Amino acid sequence: MIEKQIADGIKKIRGIKGLTLKQLGLKTGISPGMLSRLENNQSSPPIATLAKIAQGLEVPISIFFEENGNTTDQKYTVTRNGQRRQVVRRGTDIGFIYYAFNAAKDLHLIEAFIMKHPPLKKKIKVLYDHPGEEFVLVLKGSIELIYGHETIPLAVGDAIHFDPSVPHRAQNVGKEMSECLVVIAGQKSNVKRNI
């Protein structure tokens with residue numbers, strides 16, 4: 001269900017902005033073919049890809065998770081324990097599961113997620129990059145952050161703040177599910193959201 005909402009949101013906003021798939025592809029570095037598959041709900045984008053698309057469309061990433069694209073003037077949102085929404089389900093071969101905190105509608109500088117990492121079953125090679133800044137705090141288990149050519153081990157309570165334009169990915173190095181708080185920060189969009 002959320003994957004279809006994301007797919008429909010990308011297509012709708014691209015149409016409102018008057019961008020072709022090729023033009024959006026040039027702005028994001030994502031092929032028009034992949035963008036078409038995402039818009040037609042044939043593929044589910046990982047958060048890094050969705051962040052690039054949001055940047056290319058000049059909208060906050062949270063717009064893809066809002067019911068009917070509605071906005072309000074509210075400046076804060078409380079997300080109660082147990083009420084986080086799953087926003088990307090098995091979006092990559094790694095199998096990360098993301099849960100979003102409800103983002104205040106007009107606060108576009110950061111997006112926060114809880115990311116669950118299953119234990120690795122196979123060696124993964126894919127790396128992701130996107131604009132902005134990223135912060136990861138390990139809440140449960142242990143992970144490695146592959147960052148360019150470096151491998152950085154992180155245990156419970158460890159945190160890392162980094163430039164996500166360097167190709168990277170996190171991976172679970174334990175035998176149990178690990179869990180991290182992930183905060184992605186970007187530039188505030190000056191574009192009004194009347195979508």
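The values are calculated or read from the model by the stated rules, or taken from the named source; none is laboratory data. None of the values given here were measured: they were computed from a predicted structure. Counting neighbours? That spans all protein chains shown, and the Cβs are built from the backbone with ideal geometry, glycine included.
Looking only at residues in the stretch 1-35 that are aliphatic (A, V, I, L, M) and part of a loop (DSSP other than H, G, I, E, B), which one is farthest from the chain's Cα centre (by Cα)?
My answer is 19.
Assess whether residue 48 counts as being modelled with pLDDT under 85, under 23 Å from residue 116 (Cβ atoms) and in a helix (DSSP H, G or I).
yes
If I filter the stretch 1-18 down to residues being among the hydrophobic types (A, V, I, L, M, F, W, C) and surrounded by fewer than 17 Cβ atoms within 10 Å (Cβ to Cβ), which single residue comes out as farthest from residue 60 (Cα to Cα)?
1
Residue-wise test of (1) outside the structural domain of residue 27 (by TED's automatic domain parsing); (2) under 24 Å from residue 64 (Cβ atoms); (3) touching a His at 6+ places or on another chain (Cβ under 7 Å); (4) at pLDDT below 85.
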{"position": "105", "(1), (2), (3), (4)": "yes, yes, no, yes"}
{"position": "116", "(1), (2), (3), (4)": "yes, yes, no, no"}
{"position": "122", "(1), (2), (3), (4)": "yes, no, no, yes"}
{"position": "130", "(1), (2), (3), (4)": "yes, yes, no, yes"}
{"position": "144", "(1), (2), (3), (4)": "yes, no, no, no"}
{"position": "170", "(1), (2), (3), (4)": "yes, yes, yes, no"}
{"position": "194", "(1), (2), (3), (4)": "yes, yes, no, yes"}
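Out of 160, 143, 152, I need the residue that is surrounded by 14 or more Cβ atoms within 10 Å (Cβ to Cβ) and free of Cβ contacts under 8 Å to residues at least 12 places away in the same chain. Which one?
Among 160, 143, 152, only 152 is surrounded by 14 or more Cβ atoms within 10 Å (Cβ to Cβ) and free of Cβ contacts under 8 Å to residues at least 12 places away in the same chain.
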